[in-house]
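Written below as structure tokens is the structure these notes are about.
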Amino acid sequence: MSSDVSSRLRRSSDSASAAGRNAVGPAGSNPGVAHAGLAFGADPGDTRTQDGTHLALQPLAERQPGEEAPVSAPSPPLRRILIMVDALAIALGWAAAFAVAYTVGDLRFGPLTAAAQTVTVLAAGGLIISAAGLYRRSICAIRAQEVARIARVSLAMGAGTIVLLAAVGRDGAIFAGLVGGVTWFTLLTLERGVFREWINGRRATGDFGAPVVVVGGAAESTRDTAAFLAENPVLGFSVRGIISPRPEDHDTREVAWLGPIEELGLHLQRARASGVVLDSASMTGNELNDLVQQLADTGLHIHVSSGLRGIDRRRISVAPLADETFLHVAPVGLTKRQLQVKRFVDVTVGALALLVFSPALALSALGVKVYDRGPILFRQQRVGLNGEHFKLYKLRTMVVDAEAKRAELEADNARSGPLFKVAHDPRITPFGRFLRASSLDEVPQLFNVLEGTMSLVGPRPALPDEVAQFDEQLIERLRVKPGVTGLWQVEARDLPSFDLYRRYDLLYVQNWSVGVDLALIARTAAVVALRSLTAVLPSRQRDAQRVME
């Protein structure tokens, strides 16, 4: 590790708390605002960059105070779609269990026929899923919580299968129930992950947004919260405007000012919103409480910003004291046992993934070699834990002399800050584009995981020249191993903002845990599945799905 990086790491320890304050909470990670949409939303964080400026806003229709908002186009019945997809997963799981019982057991039919059993399993499975809260947005918006409940549902359905099959056959019922439970867990987790990514992709284009109004006691803070929601439509909100004291420069901003808070009822009616986001940071406790009480009888969904920035929701729990609601914030840091568990997950899941992907890896390596007879692997120096350099492995997706041609493309860089990416990079080979679209080029990084230079989950492995441009807060990311996947890789890898890059990385460093890693691994599996499917679509359809990649 260079002495420069080492000294910067020591200095960064004094500003660790500031890193958390400047981090933005990604989907499912920050307690800033409650979730919107069917079951797939996320929480906004602060939109202020390090220098105090604000991120660009999504353009909204300009409206004058008092002007009614346009009526949203009706959304498709998302809940009904999810129920039907769940029913298909239930049917497939039951088919697997029934096939096992029929093959290895002495299955014999009594009063219950196969058709009656199938109807019973479908009905019971749907009721169990619903009873577990898996159609509630507050549950499903948090991926780790959703997966945990799917596990309990699968266990209950597997036990029910054992009882049901035992009624018509003694042998094979237990094994069939185990097969059914594993199948249900796998299918429900995968299909809901893909469904989540599909919804996020549609939301990024402006669909499925719940119309909301942001209400606050100070114009600037209220506008900041509204700006973040407007800039990130994947969170599931469609911001109709803000209700607050009149901003001094309201006519130059793209989030409409609807009017003062004294005329709240009138502006809510004209905005035709289905929910309200309250900016608690700009109100006193009494003002916030009065507003919540006032809005409780309106039938609108109420979302309250906690005012906490860069603190993962998993570190926060409700601690009622004397009938008052307090929030307990757990300290940062992993125990030695948690670090051992993290390494165990890296080795076991990494080895299993490498085994599963080995046929595709072999075929991809052959394709790279056949295309231009060049080297199969691309090796590059990256900066890892505590500033140590290591060799990162990827399947080569560019021409052999790609690094030498980078200088010619500097003017076309689509990223901000020290990051570099060209929208239509001419150095990428046709076969390389397929590898990138399907994420197969990342598979060799599993060897980095097994050798210990990387983790499955962590910040993106940075280049040495990028690290040289990191500030004292961002250098904090070198205190953890870089990862094959991570918050930034999942949430914002296709967005050009370096500010989002640094904020996602700092949020992970300040809040990482084994639970966070497992949730991101599950999320990545769904993203990779969807990317693999879109990789084989015709180019026009692939362009339409680009936001999901």
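Just to be sure I understand the filter: pairs with C-beta atoms under 6 Å, separated by 6 or more residues or on different chains, first member in region 87-102 and of a type outside the set (Lys, Arg), second member outside any helix (DSSP H, G or I). Which pairs pass?
Ala101/Leu107; Ala101/Gly172
Kindly list, by first and then second residue, each pair from a residue in region 262-280 that is in contact (Cβ under 8 Å) with a residue 24 or more places away in the chain and in the same structural domain as Val215 (by TED's automatic domain parsing) to a residue that is among the polar types (S, T, N, Q) and buried (at least 22 other Cβ atoms within 10 Å of the Cβ), limited to pairs with Cβ atoms under 6 Å and residues at least 6 apart or on different chains.
Asp279/Thr222; Asp279/Thr225; Asp279/Ser305; Ser280/Ser305
Please name all residue pairs, on different chains or six or more residues apart, with Cβ atoms under 7 Å, provided the first residue is in region 381-395 and is touching a residue at least 24 places away in the same chain (Cβ under 8 Å) and the second residue is hydroxyl-bearing (Ser, Thr, Tyr) and surrounded by fewer than 19 Cβ atoms within 10 Å (Cβ to Cβ).
Gly387/Ser2; Gly387/Ser6
For Pro247, indicate whether it is out of contact with any Pro (no Cβ under 8 Å at 6 or more places or on another chain) and outside the structural domain of Ala95 (by TED's automatic domain parsing).
Numbers: out of contact with any Pro (no Cβ under 8 Å at 6 or more places or on another chain): yes; outside the structural domain of Ala95 (by TED's automatic domain parsing): yes.
Answer is yes for this residue.
Can you name the residue in region 402-443 that is modelled with pLDDT of 85 or more, part of a loop (DSSP other than H, G, I, E, B) and not aliphatic (A, V, I, L, M) and is also farthest from Gly374 (Cα to Cα) among such residues?
Ser439
Within region 122-143, can you find the residues that are in contact with a His (Cβ under 9 Å, 6 or more places away or on another chain) and either aromatic (Phe, Trp, Tyr) or surrounded by fewer than 16 Cβ atoms within 10 Å (Cβ to Cβ) (or both)? If you could, list the steps in order and put the result at the bottom.
So the first thing to find is which residues in region 122-143 are in contact with a His (Cβ under 9 Å, 6 or more places away or on another chain), and the list is 137-138, 140-142.
Selection gives Ser138 alone.
Of the residues that sit in region 505-549 and are touching a helix residue (DSSP H, G or I) at 6+ places or on another chain (Cβ under 7 Å), acidic (Asp, Glu) and over 18 Å from Leu440 (Cα atoms), which one is modelled with the lowest pLDDT? Please lay out each step first, then the result.
Initial filter on region 505-549 (touching a helix residue (DSSP H, G or I) at 6+ places or on another chain (Cβ under 7 Å)): 505-511, 513-527, 529-532, 534-535, 542, 545, 547-549.
When the remaining residues are screened for being acidic (Asp, Glu), the result is 505, 517, 549.
Now drop any that are not over 18 Å from Leu440 (Cα atoms), which leaves 505, 517.
Working: Asp505: 83, Asp517: 86.
So the residue we want is Asp505.
Take the conditions over 25 Å from Ala522 (Cβ atoms), free of Cβ contacts under 8 Å to residues at least 40 places away in the same chain and touching a His at 6+ places or on another chain (Cβ under 7 Å) and apply them to Ala319. Does it pass?
The answer is yes for Ala319.
Among what's in region 144-193 and is of a type in the set (Val, Ile, Thr) and surrounded by fewer than 18 Cβ atoms within 10 Å (Cβ to Cβ), pick the residue that is nearest to the chain's Cα centre (by Cα).
Start the filter on region 144-193 by keeping residues that are of a type in the set (Val, Ile, Thr), which leaves 147, 150, 153, 161-163, 168, 174, 179, 182-183, 186, 189.
Pick out the ones that are also surrounded by fewer than 18 Cβ atoms within 10 Å (Cβ to Cβ) and you get 163, 174, 182, 186.
Values: Val163: 38, Ile174: 36, Val182: 24, Thr186: 19 Å.
Checking each candidate, the answer is Thr186.
Arg309 versus (1) more than 20 Å from the chain's Cα centre (by Cα); (2) modelled with pLDDT under 80; (3) under 25 Å from Leu291 (Cα atoms): which is the lone unmet condition?
In the conditions (1) more than 20 Å from the chain's Cα centre (by Cα); (2) modelled with pLDDT under 80; (3) under 25 Å from Leu291 (Cα atoms), Arg309 misses (1) alone.
Scan the helices (runs of 4 or more DSSP H) fully inside region 448-515 and keep the ones with 2 or more residues being more than 14 Å from the chain's Cα centre (by Cα) and assigned by TED's automatic domain parsing to the domain that holds Asn386. Show your work before the answer.
Values: elements: 464-467, 487-491, 498-511.
Output list reads 464-467, 498-511.
Could you tell me whether region 364-377 includes any residue that is part of a helix (DSSP H, G or I), touching a Phe, Trp or Tyr at 6+ places or on another chain (Cβ under 9 Å), over 28 Å from Glu451 (Cα atoms) and β-branched (Val, Ile, Thr)?
yes
Here is a yes/no grid of residues against (1) of a type in the set (Lys, Arg); (2) in contact with a Phe, Trp or Tyr (Cβ under 8 Å, 6 or more places away or on another chain); (3) modelled with pLDDT of 80 or more:
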site: Gly180; (1), (2), (3): no, yes, yes
site: Arg192; (1), (2), (3): yes, no, yes
site: Val214; (1), (2), (3): no, no, yes
site: Ser244; (1), (2), (3): no, yes, yes
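In this structure, does Gly193 turn out to be closer than 30 Å to Arg143 by Cα, in contact (Cβ under 8 Å) with a residue 24 or more places away in the chain and outside the structural domain of Glu491 (by TED's automatic domain parsing)? Break it down into steps so the answer makes sense when it comes.
Working: closer than 30 Å to Arg143 by Cα: yes; in contact (Cβ under 8 Å) with a residue 24 or more places away in the chain: yes; outside the structural domain of Glu491 (by TED's automatic domain parsing): yes.
Yes; evaluated as a whole, the condition is true for this residue.
Out of Gly387, Gly367, I need the residue that is at positive phi and surrounded by 17 or more Cβ atoms within 10 Å (Cβ to Cβ). Which one?
Values: Gly367 fails: at positive phi.
The match here is Gly387.
Tell me which residues, restricted to region 475-504, are of a type in the set (A, V, I, L, M), modelled with pLDDT under 80 and touching a Phe, Trp or Tyr at 6+ places or on another chain (Cβ under 8 Å). Quick ask: steps written out before the conclusion?
Taking region 475-504 as the starting set, the residues that turn out to be of a type in the set (A, V, I, L, M) are 475, 478, 480, 484, 487, 490, 492, 495, 500.
Those left that are additionally modelled with pLDDT under 80: 490, 492, 495, 500.
Within region 475-504, Ala492, Leu500 qualify.
The values are calculated or read from the model by the stated rules, or taken from the named source; none is laboratory data. Source: prediction; values computed, not measured. All Cβ positions, glycine included, derive from the backbone under ideal geometry; neighbour counts span all protein chains shown.
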